[in-house]
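A.B. asks: Before we start, here is the structure in question, set down as structure tokens.
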Amino acid sequence: MKLLVHLSRLIVSITFIFSGFVKLVDPLGSAYKFEEYFGADVLNLEFLIPYALPFSIALILAEIILGVMLLVGYLPKLTVWSLLLLIGVFLFLTWYSAYYNKVTDCGCFGDAVKLSSWGTFYKNIVLVVFILILVKGYKHITPLFSPVFAKWSTFLSFLVFFYIVYYVLIHLPIIDFRPYAISKNIPAEMEYVGTKEPAIHDFFLESSEGEELTYEVLEAEKMLLVIAYNLEISDKEGFKAIKQATDKALENGYKVYALSASMNEDFLKLKETYKLNFEMLFGDETMLKTIIRSNPGVITLNKGTVTGKWSWVDVDTIEFN
């Protein structure tokens, strides 16, 4: 039993720390996933959609800190029962996704590792078994090095994790696992490799007149895109800083477009208010949320390769060549 507890402790703690970390660096990705779960065609809990971000942050912090607590052996009884409760939530969500084929990617490992719905469900079944072993033998879970070390490492870890969440929400994810990460080539990510589905399958842009401009954007050597998936809820203060950045970009020979899923009329009002010198192209909202986690945010392209990404907070640091 002691050996089983030690093995289960190692497997569960590493799994929860890894799973929590890849979501910790991109909490908005998890929030978007919970918005899907709360939607009318899934759990029909639309009143919870405005709370998707705080809910995702709380769940991410709980997941990763419980992994740390188990690893260092802090409050073992509370930890293992909390893990059982948490895995119960995950198990229900992944079963629901798999059985009803509602949310095909649960986002359990963020964008770092993609698993099928049933694969994720079976992974959680295995974790349930390991956690039940821990519940049965929690008395064998002793502090790593000392009780004082376990206590303070848990406390300091929580502070670090909380700061990471704060930082990435103000700026951008510190690690980008998406196919639009810096140095990724969008056209290459849109290609089939054998029978494998491409990482990007919804990159499509058109003007307000209905003209497709996808390849014009991807073929340009100097392209700057201002992305605001929803102009109604975008941070309007950001457009003051973006105005200065886009003016510099135009002076340095860049082609500039705004990308949004909002109505063109909304952009025209914004354009007049902030004296913006570029036009808007339409794009799918999910695609735009995937490209950048800031609303608004800025990316630069060179023949379809992502050369830079900035939250509106950081656009004053862009250097145009």
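The values are calculated or read from the model by the stated rules, or taken from the named source; none is laboratory data. Because the structure is predicted, anything quoted here is derived from the model rather than measured. Glycine also receives a Cβ, built like all others from the backbone with ideal geometry; neighbour counts cover every protein chain displayed. The protein model used for the area step is the full one, side chains on, heavy atoms only, and it has no ligands, DNA or RNA in it. Shrake-Rupley method; radii C 1.70, N 1.55, O 1.52, S 1.80 Å.
A.B. asks: Does T286 satisfy the condition of being within 24 Å of the chain's Cα centre (by Cα) and open to solvent by 30 Å² or more (accessible area, probe 1.4 Å)?
C.D. replies: Working: within 24 Å of the chain's Cα centre (by Cα): yes; open to solvent by 30 Å² or more (accessible area, probe 1.4 Å): yes.
Judged against the criteria, T286 is a match.
A.B. asks: Quick check: anything in segment 115-123 open to solvent by less than 30 Å² (accessible area, probe 1.4 Å) and either among the aliphatic types (A, V, I, L, M) or at pLDDT 95 or above (or both)?
C.D. replies: no
Conditions (1) farther than 24 Å from L250 by Cα; (2) of a type outside the set (A, V, I, L, M, F, W, C), marked per residue:
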position	(1), (2)
F177	yes, no
A181	no, no
E197	yes, yes
H201	yes, yes
S207	no, yes
E211	no, yes
T214	no, yes
V226	no, no
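A.B. asks: Still on this model: What number goes with the only condition from (1) touching a Phe, Trp or Tyr at 6+ places or on another chain (Cβ under 7 Å); (2) exposed (fewer than 14 other Cβ atoms within 10 Å of the Cβ); (3) not acidic (D, E) that L156 does not pass?
C.D. replies: For L156, the exception is condition (1).
A.B. asks: Have a look at E272, E237, E265 and point out the one that is among the charged types (D, E, K, R) and in contact with a Phe, Trp or Tyr (Cβ under 9 Å, 6 or more places away or on another chain). Before the answer, list the steps.
C.D. replies: Working: E272 fails: in contact with a Phe, Trp or Tyr (Cβ under 9 Å, 6 or more places away or on another chain); E265 fails: in contact with a Phe, Trp or Tyr (Cβ under 9 Å, 6 or more places away or on another chain).
The unique qualifying residue is E237.
A.B. asks: I would also like to ask the following. (1) surrounded by fewer than 20 Cβ atoms within 10 Å (Cβ to Cβ); (2) of a type in the set (S, T, N, Q); (3) touching a Phe, Trp or Tyr at 6+ places or on another chain (Cβ under 7 Å): which one isn't true of N44, the others all being true?
C.D. replies: (3)
A.B. asks: For segment 196-207: of the residues being touching a residue at least 60 places away in the same chain (Cβ under 8 Å) and farther than 22 Å from S311 by Cβ, which is surrounded by the most Cβ atoms within 10 Å (Cβ to Cβ)?
C.D. replies: Going through the qualifying residues, I end up with S207.
A.B. asks: Another one. Would you call D111 farther than 20 Å from Y138 by Cβ, open to solvent by less than 60 Å² (accessible area, probe 1.4 Å), of a type in the set (D, E, K, R) and not in a helix (DSSP H, G or I)?
C.D. replies: Answer is yes for this residue.
A.B. asks: Looking only at segment 178-195, which residues are within 27 Å of E221 (Cβ to Cβ), assigned to a loop (DSSP other than H, G, I, E, B) and either of a type in the set (S, T, N, Q) or touching a residue at least 12 places away in the same chain (Cβ under 8 Å) (or both)?
C.D. replies: Scanning segment 178-195 gives R178, P179, Y180, A181, I182, S183, K184, M190.
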